[in-house]
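The values are calculated or read from the model by the stated rules, or taken from the named source; none is laboratory data. Values in this document were obtained by computation on a predicted structure and should not be read as measured data. As a convention, Cβ positions derive from the backbone with ideal geometry for all residues, glycine included, and neighbour counts pool all protein chains shown.
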């Protein structure tokens with residue numbers, strides 16, 4: 001059989017929308033007709049800096065080329081490094097005179113977001129928020145996330161952006177005087193039979209909310225043939241506003257709020273309590289004798305009590321997992337809307353929130 005025709009038949013079989021026996025379909029596909037697995041590099045050691053007007057100020061941009069589907073699996077991998085750690089590196093890169101940190105070390109925990117296809121115009125859809133995380137206090141970080149469903153809905157090239165709002169301390173007392181981060185991102189791509197038929201992957205919102213008043217509902221369309229779905233909502237509280245009765249520290253970073261997510265005006269269950277109490281698991285105690293420093297291995301530059309404290313759905317050095325739902329309304333073809341309400345937002349605080357809708361066919 002002609003090689004191109006053989007591959008075309010394999011792709012049609014792999015897409016197989018509406019097949020009742022996926023196992024039989026998989027067995028009938030000659031896996032040698034798919035290209036071999038490959039690595040798609042988007043960023044390699046890109047420096048994200050804290051000086052305005054310089055390249056890569058608080059973000060780095062790259063291109064993620066997934067090539068053509070279908071895909072048996074796609075995994076996005078991010079590695080973050082800093083000159084803050086390991087502390088042995090200070091011998092070659094010591095703090096400047098009178099400063100406490102190497103100049104290019106950012107010793108704080110910062111928001112870390114990886115987005116795909118950020119809008120270029122007001123009329124464009126929002127970005128896909130694929131990694132919603134926080135850097136460690138000055139340490140390295142390794143993150144992985146499954147992008148298989150996104151890739152099967154959107155093969156080809158995508159604009160990738162890593163955003164870290166890093167800041168410098170000019171005096172070098174609480175952080176480096178020219179702090180920043182080094183980031184690498186790649187995808188591990190395995191062409192082959194898609195594990196499920198993806199009818200849609202729609203970014204619905206990616207926003208930072210400072211006003212407790214809920215925004216207007218966001219419209220989206222469920223495609224015909226949808227038999228199951230997945231709504232992903234990522235949400236976390238940030239900022240240094242005044243503490244109130246629901247907070248153990250500055251708002252909204254240390255505030256326990258409730259998040260009500262609604263589809264077509266009906267609240268989704270279970271209700272969302274975006275609060276994490278497992279941050280102490282990211283503090284394996286260690287001692288570095290030359291600096292007389294006791295530290296958390298996962299967050300080497302952070303105050304131990306701060307590293308361990310619970311927070312508004314995030315921990316230093318950790319990815320915030322999405323809340324997920326699959327309810328009947330998400331299967332009904334046609335127009336629907338998404339809305340949400342946060343129980344309270346204190347002045348000076350904010351919530352970062354995103355939502356993605358996936359539709360699937362059996």
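Conditions: (1) more than 22 Å from the chain's Cα centre (by Cα); (2) surrounded by 13 or more Cβ atoms within 10 Å (Cβ to Cβ); (3) part of a loop (DSSP other than H, G, I, E, B). Residue 336 meets all but one. Number of the miss?
(3)
Taking the condition within 17 Å of residue 181 (Cβ to Cβ) and either loosely packed, with under 14 Cβ neighbours inside 10 Å or at pLDDT 95 or above (or both), does residue 102 pass?
Spelling it out, residue 102 is indeed within 17 Å of residue 181 (Cβ to Cβ) and either loosely packed, with under 14 Cβ neighbours inside 10 Å or at pLDDT 95 or above (or both).
For segment 36-72, enumerate the residues that are under 23 Å from the mean Cα position of the chain (by Cα) and on the phi > 0 side of the Ramachandran plot.
Result: 45, 56, 58, 67.
Within segment 285-325, track down each residue that is under 22 Å from the mean Cα position of the chain (by Cα) and not in a loop (DSSP other than H, G, I, E, B).
299, 307, 308, 311, 319, 323, 324, 325
I'd like to know if segment 240-250 contains one or more residues that are at pLDDT 95 or above and within 23 Å of residue 203 (Cα to Cα).
no
In segment 259-272, how many are part of a loop (DSSP other than H, G, I, E, B) and modelled with pLDDT of 95 or more?
Residues flagged as part of a loop (DSSP other than H, G, I, E, B) and modelled with pLDDT of 95 or more within segment 259-272 amount to 3.
Would you confirm whether any residue within segment 256-266 is outside the structural domain of residue 87 (by TED's automatic domain parsing) and exposed (fewer than 13 other Cβ atoms within 10 Å of the Cβ)?
Yes, segment 256-266 contains at least one residue that is outside the structural domain of residue 87 (by TED's automatic domain parsing) and exposed (fewer than 13 other Cβ atoms within 10 Å of the Cβ).
Among the residues of segment 57-82, what is the count of those that are farther than 19 Å from residue 143 by Cβ and either free of Cβ contacts under 8 Å to residues at least 60 places away in the same chain or assigned to a strand (DSSP E or B) (or both)?
The total comes to 5.
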